[in-house]
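Novice: Structure incoming, see below.
The values are calculated or read from the model by the stated rules, or taken from the named source; none is laboratory data. Keep in mind that this is a model prediction, so the values were computed, not measured. When we count neighbours, we look across all protein chains shown, and the Cβ atoms used for this are built from the backbone with ideal geometry, even at glycine. What goes into the accessible areas is simple: the full protein's heavy atoms, side chains included, and nothing from ligands, DNA or RNA. Shrake-Rupley method; radii C 1.70, N 1.55, O 1.52, S 1.80 Å.
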Amino acid sequence: MKLPNGVTGFYNAKHNKPPTIDGKQFKQQCFSIIKRNNGKVLEFIEPQFATNFLNVEVKVFNKHLHILLNEHYPFLAFASFVDFENIIFIDEPELSKQFSPFYKVLGMEELNEQLYIKEGTGKIIFKNDNELNSAELEQIAYWKPKSTGEVIFNFWD
């Protein structure tokens, strides 16, 4: 997966600022899709100071899960657990079909893909094609995420 400029929420110049997703539209789609599936939206969490994603906690199909949307790009994922130290990504095929006309739904395999390999030189060598800016690369060097999902959905401050 290609990681676009600003996906982490960090940038180094006003002209390099990433786009912003329409949170109101996402909220409406979540309520509509979850209700259509006889589910319930439990909580809608806007991006906070140290997060770069919207988090909608739902109960649907007799399961408790989270619908995550990157704040800057239309990348959507499902998770069974979300907290500062860990996000457990899951696949949710039925909801994926319903959200895919609006967002790029990322699956577990893609989200858990190893981000880089370290070699003896101490340099980070990305496995992923990317357009990350220097501010993002600094954050990656500091936080040391291991997977694509940890970059797209992060708790960095």
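Novice: When you scan segment 83-93, do you find a residue that is at pLDDT below 95 and open to solvent by less than 90 Å² (accessible area, probe 1.4 Å), even just one?
Specialist: yes
Novice: If I filter segment 117-137 for residues that are surrounded by 21 or more Cβ atoms within 10 Å (Cβ to Cβ) and under 23 Å from CYS30 (Cα atoms), do I get at least one hit?
Specialist: No: segment 117-137 contains no residue that is surrounded by 21 or more Cβ atoms within 10 Å (Cβ to Cβ) and under 23 Å from CYS30 (Cα atoms).
Novice: In addition: Cβ contacts < 6 Å: first residue touching a residue at least 12 places away in the same chain (Cβ under 8 Å), restricted to segment 133-152; second residue not in a loop (DSSP other than H, G, I, E, B), any location; separation 6+ or different chain. Result?
Specialist: Hits for this filter: ASN133/ASN16; PRO145/VAL151; THR148/LEU111; GLY149/PHE89; GLY149/LEU111; ILE152/ASN70; ILE152/PHE75.
Novice: Return the pairs, sorted by first residue and then second, in which the second residue is part of a loop (DSSP other than H, G, I, E, B) and small (Gly, Ala, Ser), the first residue lies in segment 5-24 and is open to solvent by less than 80 Å² (accessible area, probe 1.4 Å) and modelled with pLDDT of 85 or more, the beta carbons are less than 9 Å apart, and the residues are 6+ apart or on different chains.
Specialist: Within 9 Å, the pairs are PRO18/GLY6; PRO18/GLY9; PRO19/GLY6.
Novice: While we're on this one: Inspect segment 65-73 for any residue being loosely packed, with under 15 Cβ neighbours inside 10 Å, over 23 Å from ASN133 (Cβ atoms) and not polar (S, T, N, Q) and give the result as yes or no. Please lay out each step first, then the result.
Specialist: Here is the first cut: in segment 65-73, the ones loosely packed, with under 15 Cβ neighbours inside 10 Å are none.
No, there is no match, as no residue in segment 65-73 is loosely packed, with under 15 Cβ neighbours inside 10 Å, over 23 Å from ASN133 (Cβ atoms) and not polar (S, T, N, Q).
Novice: Moving on. What tally of residues in segment 11-64 results from selecting those that are part of a helix (DSSP H, G or I), closer than 28 Å to GLU138 by Cβ and either over 17 Å from the mean Cα position of the chain (by Cα) or among the basic types (Lys, Arg) (or both)?
Specialist: The total comes to 3.
Novice: From the set of residues in segment 65-98 that are in a strand (DSSP E or B) and free of Cβ contacts under 8 Å to residues at least 12 places away in the same chain, which is farthest from ASN154 (Cα to Cα)? Steps first, answer last, please.
Specialist: First, the residues of segment 65-98 that are in a strand (DSSP E or B): 65-70, 75-83, 86-90.
Adding the requirement that they be free of Cβ contacts under 8 Å to residues at least 12 places away in the same chain leaves 83, 86, 88.
On the way: ASP83: 10, ASN86: 9, ILE88: 12 Å.
Among residues in segment 65-98 that are in a strand (DSSP E or B) and free of Cβ contacts under 8 Å to residues at least 12 places away in the same chain, the one farthest from ASN154 (Cα to Cα) is ILE88.
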